[in-house]
Amino acid sequence: MRSWALITGATSGIGESFTRLLASNNYNLVLVARDLPRLHERATGLQSVYGVETVVLQADLATDSGCALVESYIADNEIDVLINNAGFGINKAFTVSALDAEQNMLDVLVRTPMRLMHVALPGMKARDKGIIINVSSVAGFMAGGTYSAAKSYLTVLSESLNTELSGTKVEISALCPGFTRTEFHQRGRMSMKGLPAFMWLTSDAVVAKSWRDAKKGKAISIPGWQYKLLAFIMSIAPRPMVRKIGMSIRVKQRH
């Protein structure tokens, strides 16, 4: 009997890569996203290629009702893998961005993963098995606006829970990738023309690394030597330098 995995932001990018990895590992899938036609297309493809069962949940995780819908599903069903992947960025400085956009991003990147984990963990602890992967970012190690701040929350909470649950078979891991070829930057209208080719990662490689690290009990997964090096520099650099690097990257994304 197959276990079930739930993936938010399941129709593209890292989330879509996770659907294929988990299906290939014999998990049935609950797919969560806003775009219903793409959800059905993804579900049909996964059923056809991997022979797994799928459930589709259309939900806008920036809304209270969308978050509550997924919370309710997790509470009523046995979910052994939770991938908190849904997210987006804002291509404006905090002082000129729309407050509604900032609130929506906070709700998707912070509120929703926190609530879904809080609902999923009691069942995982009772069964003494489960994996939660929170898709964070190396941006969380920098100081680059509210996106960095939100990802920092997700990484730190993942680390805390990894320690709290270290005596169980429930694994919590933060995936902290760098620039990955997905629809993320196009959706945020971010120009990435100046980024060298060697800095780009592929979502399939990022996800494969994340899954291996989560199963090994690693609290943080950083795919790519270039981002491991960057994270190390951020950890030892003086904070003024960290702030300067973070804001420099933000400015480049806005042009």
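Going by what's in this entry, would Q58 be described as surrounded by fewer than 19 Cβ atoms within 10 Å (Cβ to Cβ), touching a helix residue (DSSP H, G or I) at 6+ places or on another chain (Cβ under 7 Å) and among the polar types (S, T, N, Q)? Reasoning before the result, please.
Numbers: surrounded by fewer than 19 Cβ atoms within 10 Å (Cβ to Cβ): yes; touching a helix residue (DSSP H, G or I) at 6+ places or on another chain (Cβ under 7 Å): yes; among the polar types (S, T, N, Q): yes.
Considered against the rule, which asks whether it is surrounded by fewer than 19 Cβ atoms within 10 Å (Cβ to Cβ), touching a helix residue (DSSP H, G or I) at 6+ places or on another chain (Cβ under 7 Å) and among the polar types (S, T, N, Q), Q58 comes out as yes.
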Would the stretch 221-243 turn up any residue that is within 24 Å of T112 (Cα to Cα), modelled with pLDDT of 80 or more and either aliphatic (A, V, I, L, M) or surrounded by fewer than 14 Cβ atoms within 10 Å (Cβ to Cβ) (or both)? yes
I'd like the full set of residues that are within 30 Å of K92 (Cβ to Cβ), touching a strand residue (DSSP E or B) at 6+ places or on another chain (Cβ under 8 Å) and of a type in the set (A, V, I, L, M, F, W, C), limited to the stretch 118-153. I133, V135
Check off (1) farther than 22 Å from N91 by Cα; (2) modelled with pLDDT under 95 for S173 and give me the number that stays unchecked. (2)
Can you name the residue in the stretch 112-137 that is β-branched (V, I, T) and surrounded by fewer than 23 Cβ atoms within 10 Å (Cβ to Cβ) and, of all such residues, is farthest from the chain's Cα centre (by Cα)? V119
In the set L31, L39, L6, the lone residue that is on the phi < 0 side of the Ramachandran plot and out of contact with any helix residue (DSSP H, G or I) (no Cβ under 9 Å at 6 or more places or on another chain) is L39
Can you work out which of the residues in the stretch 75-96 that are of a type in the set (S, T, N, Q) and either touching a Lys or Arg at 6+ places or on another chain (Cβ under 7 Å) or modelled with pLDDT of 95 or more (or both) is nearest to L165 (Cα to Cα)? N84
Just to check your reading of the model, which residue among L46, L109, L99 is under 23 Å from G140 (Cβ atoms), surrounded by 21 or more Cβ atoms within 10 Å (Cβ to Cβ) and either basic (K, R) or at pLDDT 95 or above (or both)? L109
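The values are calculated or read from the model by the stated rules, or taken from the named source; none is laboratory data. Since this is a predicted model, take the numbers as computed values, not measurements. Heads up, the Cβs are rebuilt from the backbone with ideal geometry, glycines too, and the neighbour counts pull from every protein chain shown.
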